[in-house]
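The values are calculated or read from the model by the stated rules, or taken from the named source; none is laboratory data. Note that the structure is predicted; figures quoted are calculated from it, not measured. Positions of Cβ are generated from backbone atoms using ideal geometry, with glycine treated the same way; all protein chains shown enter the neighbour counts. Accessible surface is based on the protein model in full, side chains and every heavy atom, while ligands, DNA and RNA are left aside. Shrake-Rupley method; radii C 1.70, N 1.55, O 1.52, S 1.80 Å.
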Amino acid sequence: MDVRFEDTIDTTKDLLVLGIFQEDDESSYEFLNTLLAKELQEALALGIFKKTYGEVYPTKFPGLGYRRVLVLALGKKEEMTLERVRRLMSKAVSSTKNYKLESFSTNILSLIETTGKISAEELGRAAAEGITLANYSFKKYLTVNPENIDKEIQSVTITWMKDKENLQRGFSQGKIIGECTNFAKDLVNEPPMIMTPAYMEKIAEEIAENKNVKLRVLDKKDLEEKGFGAMLAVARGSEHAPKLLILEYNGSEDGSVTALIGKGITFDTGGYNLKPTGFMETMKCDMGGAAAVLATIKCAAALGIKKKIIGVAPMCENSVSSTAYKPGDVLIAYNKKSIEVTNTDAEGRLILADAMAYTEEKYKPEIMIDLATLTGACVIALGSSISGIISTNKELQEALQRAGEASYDRVWPLPLLEEYKDSMKGSISDLKNAAATSYGAGAITASVFLSHFVKESKWAHIDIAGPAFLLEGKDYLQKGATGTGVRLLSYYFLRNS
Ligand code: BES
Ligand code: MN
Ligand code: ZN
């Protein structure tokens, strides 16, 4: 998509998207066209258009050389936020698509600039994210008439910005972040028959073409030699061999290491504790954590983040066969702790346990952040608009919360309560992998389990089970994969490196 920043009206574009603040007088459009100002005045008087945030008015009078002219209500100046910028841009994109047009021009950003509420750089970043994310669709398997398929927007013109330089810088960052989020969406939307551990390795190889990124892969044989007993057990029921993918991003020669670990279950049937109909259908989303980690490494490299970041993706499929692991099996994890399998559907924590213990030993990260579509309990607690975060370090947790607010890829804290610390104690083993259903607090007990596989590192666990995959689209997020975690971590690294 081509973007231009112009000082004059670009009438070569299909659609003009004008903004109006609640405080604004409709006469403010007389400088463009008196007829348009009149039409707006009439629409407001008749009540077919209101100036409250989010309202849309398609004008009758195109004029000005555009095929269409649309007015978006920006709401009160005082209430303008980065997220409103994203949603307004997303509205411009969806309107352009609905009109079957391919380009738009807008003065909205320059209007928001005048409020002084948001810096030009942040404004540019959020706008680019809104546009790029809204412009996404997953259509590679559609064979219907191309006329019926959403065309992507080809070009955008942003007019009349004062601080063009900072806007442009923010915009190119936001474009990278948006594209990497879309890249994660593509990975998660891919059918599970294609998205296997070996397929993900190919993806990681492509990311490692960047000169600052190196890929290490531990194959099944390496995992056996190194003693990844928990991860290997999960993979045992599948014809697809497990892989531990490690992307080392070297954005700085010195300074501490941050490790990201993403759950990479390419499909979660539940294993012998089989998921019932209604719960299994969306389970290709269960590698959403791994997708977010790989996409974040790609993003960090493209943004030139000055930090050492290790991205780790344990990949396997949780399937059923005569070779699959069973309830009652006792596994020896990488750190030698024994685990009784009390539920084969609690597989995510098993692969994360090995991956986290190995990563800490090998890379000595100061900070470890894991992302996982880990528990249905987290979806019950928080729904699909926000992820859960559980951390052993207040500062890290708050930094992630702030990055979440700014990017709107948000996280909400759950407590690692002292009272629940024994919930995962085994009876014939050190640990069991699932607490009794009656125990409750499923999102917390899962992290209690994970906490046994972290020693020194500051650690945050992010449960993305809710927001990673949507049954219905909203604003710039489509039905299906959302790329949750990519914006959160990218903002986190932009602010903390
Ligand atoms: N992948 C699921 C969690 C999940 C649920 C992700 C809904 C996305 C949407 C995970 O492996 C799982 O099955 N968790 C179990 C754990 C239980 C057996 C202790 C759950 O949440 O029911
Ligand atoms: Mn499961
Ligand atoms: Zn799972």
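For this structure, a couple of remarks:
- Take the convex hull of the alpha carbons in the range 167-218; its mean projected area over all directions comes to 4.5 nm².
- Pairwise inverse Cα distances across the range 1-53, averaged and inverted, put the Kirkwood hydrodynamic radius at 12.8 Å.
- Taking all Cα pairs closer than 8 Å and separated by 6 or more residues, the relative contact order of the range 2-162 comes to 33 percent.
- Estimated from helical segments only, the mean residue ellipticity of the chain at 222 nm is -11000 deg cm²/dmol, where each DSSP H run of four or more residues counts as -39500 (n - 2.57).
- Shown for the chain: cysteine residues without a partner Cβ closer than 4.7 Å, namely CYS285, CYS316, CYS378.
- Estimated vicinal HN-Hα couplings, Hz - the range 11-25 in sequence order (Karplus 6.51, -1.76, 1.60; Gly, Pro = x): 7, 7, 7, 6, 10, 9, 10, 9, x, 9, 7, 4, 6, 6, 8
- Summed residue charge, Cβ within 13 Å of LEU35's Cβ, Lys/Arg positive, Asp/Glu negative: -2
- Quarter of Cα convex hull surface for the range 2-162, i.e. mean projection, nm²: 9.6 nm²
- Over 17 Å [Cα-Cα, the range 209-270], rounded percent: 52 percent
- Cα centroid separation, the range 141-191 to the range 284-356: 30 Å.
- Dipole magnitude (debye, nearest 20) for the chain, charges at Cβ of Lys, Arg, Asp, Glu: 220 debye
- Potential extension, SER252-SER497 segment - 0.36 nm per residue separation minus Cα distance: 87.2 nm
- The Cα trace of the range 353-497 gives Rg and Dmax of 15.5, 50 Å, the first to one decimal, the second as a whole number.
- In the context of the full set of protein chains, the range 2-162 has a per residue accessible area of 45 Å² (1.4 Å probe).
- Accessible area per residue for the range 341-486, computed on protein heavy atoms with a 1.4 Å probe, is 39 Å².
- Radius of gyration over Kirkwood radius for the range 188-324, both on Cα atoms: the Rg/Rh ratio is 1.01.
- Amide H contacts under 5 Å for GLY19, placed H, 5+ residues apart: LEU72, ASN107, ILE108
- Scattering curve values for the chain, log₁₀ I(q)/I(0), Debye with Cα scatterers, q = 0.06 Å⁻¹: -0.30
- Spread over its residues, the convex hull of the C-alpha atoms of the range 243-364 is 97 Å³ per residue.
- A Cα-only calculation for the range 294-422 places Rg and Dmax at 16.8, 48 Å.
- Surface share of carbon and sulfur [accessible, 1.4 angstrom probe, percent] for the chain: 49 percent
- Long-range Cα-Cα pairs in the range 314-378 (distance over 18 Å), rounded percent: 45 percent
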